[in-house]
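Everything on this sheet refers to the single structure shown next.
The values are calculated or read from the model by the stated rules, or taken from the named source; none is laboratory data. None of these values were measured; they are calculated from a predicted model. Cβ coordinates were reconstructed from backbone atoms using ideal geometry, including for glycine residues, and neighbour counts include every protein chain displayed. Heavy atoms of the whole protein, side chains included, go into the accessibility calculation; ligands, DNA and RNA do not. Shrake-Rupley method; radii C 1.70, N 1.55, O 1.52, S 1.80 Å.
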Amino acid sequence: MTMTNLTTMSGFLLMGFSDKRELQILHALLFLVTYLLGLAGNFIIITIKTLDPQLQYPMYYFLKHLSLLDLSSLSVTVPQSIDNSLMDNDYISYGQCILQVFFFTSLVAAEVSILTVMSYDRYVAICLPLHYEVIMDPRKCMWAVTAVWLSGGISGTLYTTTTFSIRFCSDKIIHQFFCDIPHLLKLSCSNDYLGVIGVSSFMAVMAFACFIAVTLSYGQIVSTILRMPSAEGRSKVFSTCLPHLFVFSFFLITGACEHLKPTSDSPTALDLLLSIFYTVLPPTLNPVIYSLRNEAMKTALKKVVSGRVHRGKLHICSVINIYDMS
């Protein structure tokens, strides 16, 4: 597409990666492998939770919805980027960009919410085990997940309506592999993006509140763990909770850095890595960090693979064993 047509076209050009054909093919292959791994991991979690009636504990209910969010999040950005690289066509239509912004922001907001809910679930299970069944009963879990999806939808709607209410001019070139809001704002013809800044500020406050809630939950968990007489029990819970806290913090910090740093017309490799770190890596690694290291999940996977899924009731000897990821 020639430069003379850039200002008159209705869509945008996604110029996130190199314009060299060899590097485009390499990018497409790497993204394809990552996408298939993420797809497989999250699909396995969803399948296991659906087919094995023994996994009825609230933790697995939340993990299933986390996998749904991760699978959807990957599918919003990665396939479009792979197609653009393979076809050597950086164009994305205005409508596609709107849908991408809506679904991506919705899913990211919902993921932050469900990770916060999951941290509270762990807090109750470890710090208040005798009250766990009362606090985390199925009805409350269902309402919590409903609130997670609704919060995501509301966030996506606010971001999308405010972002695409502004006028775009310039060359309509987005130096990113997907329609990212900070890069879209850079294309604004005037200072008419105050609505987006207001929504972003509100969502930043909410994300920070979630981060504080998660930190407090895991802080209480660590305090409880340190009082445990069993060194093995402490080791099991630490091996479960610390990776979760690290992944959640990494997800929020890289996303914040990506949105707070000034956008550039010539992005560096670090800029692209930051965007990949919070858009592609978390949904790909979450099945391993949160699920596939869990002994109950591995046992259920073996049952599904061998075709021996039986109906039954989940018996929990101790809360610590439920959260044993080692």
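The figures follow:
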| read-out | value |
| --- | --- |
| Projected-area average for the stretch 37-85 over all orientations - Cα convex hull basis, square nanometres | 3.4 nm² |
| Mean Cβ count within 10 Å, highest first, over the residues of peptides 110-122, 195-207 | 110-122, 195-207 |
| Solvent-accessible area of HIS259 with every protein chain in place, 1.4 Å probe, in Å² to the nearest 10 | 90 Å² |
| Cα-based shape type of the stretch 12-143, given that a ≥ b ≥ c are square roots of the gyration tensor eigenvalues and the cut on a/c is 1.5 | prolate |
| Rounded percent of accessible protein surface that carbon and sulfur make up, the stretch 1-155, 1.4 Å probe | 70 percent |
| Computed E for PHE202/ILE253 - FRET, C-beta separation, R0 25 angstrom, nearest 0.05 | 0.80 |
| Estimated FRET transfer efficiency when R0 is 25 angstrom, pair SER10-LEU185 (beta carbons, to 0.05) | 0.85 |
| Extension gain (nm, one decimal) between TYR94 and GLU133, 0.36 nm per residue minus Cα-Cα | 9.2 nm |
| Kirkwood Rh, angstrom, the stretch 96-193 [1 / mean 1/r, Cα pairs] | 15.7 Å |
| Shape metrics for the stretch 155-223, restricted to C-alpha atoms - Rg then Dmax, Å | 16.5, 54 |
| The stretch 107-150 - convex hull of alpha carbons, volume per residue in Å³ | 45 Å³ |
| Label-reachable residues, the stretch 108-123, where backbone N falls under 20 Å from a point 7 Å from THR157's Cα toward its Cβ | 108-114 |
| Residues in the stretch 98-114 reached by a label modelled at TRP143 [backbone nitrogen below 20 Å; 7 Å Cα→Cβ] | 113-114 |
| Point-to-point label distance, LEU273-PHE246, nm (Cα→Cβ direction, 7 Å offset) | 1.7 nm |
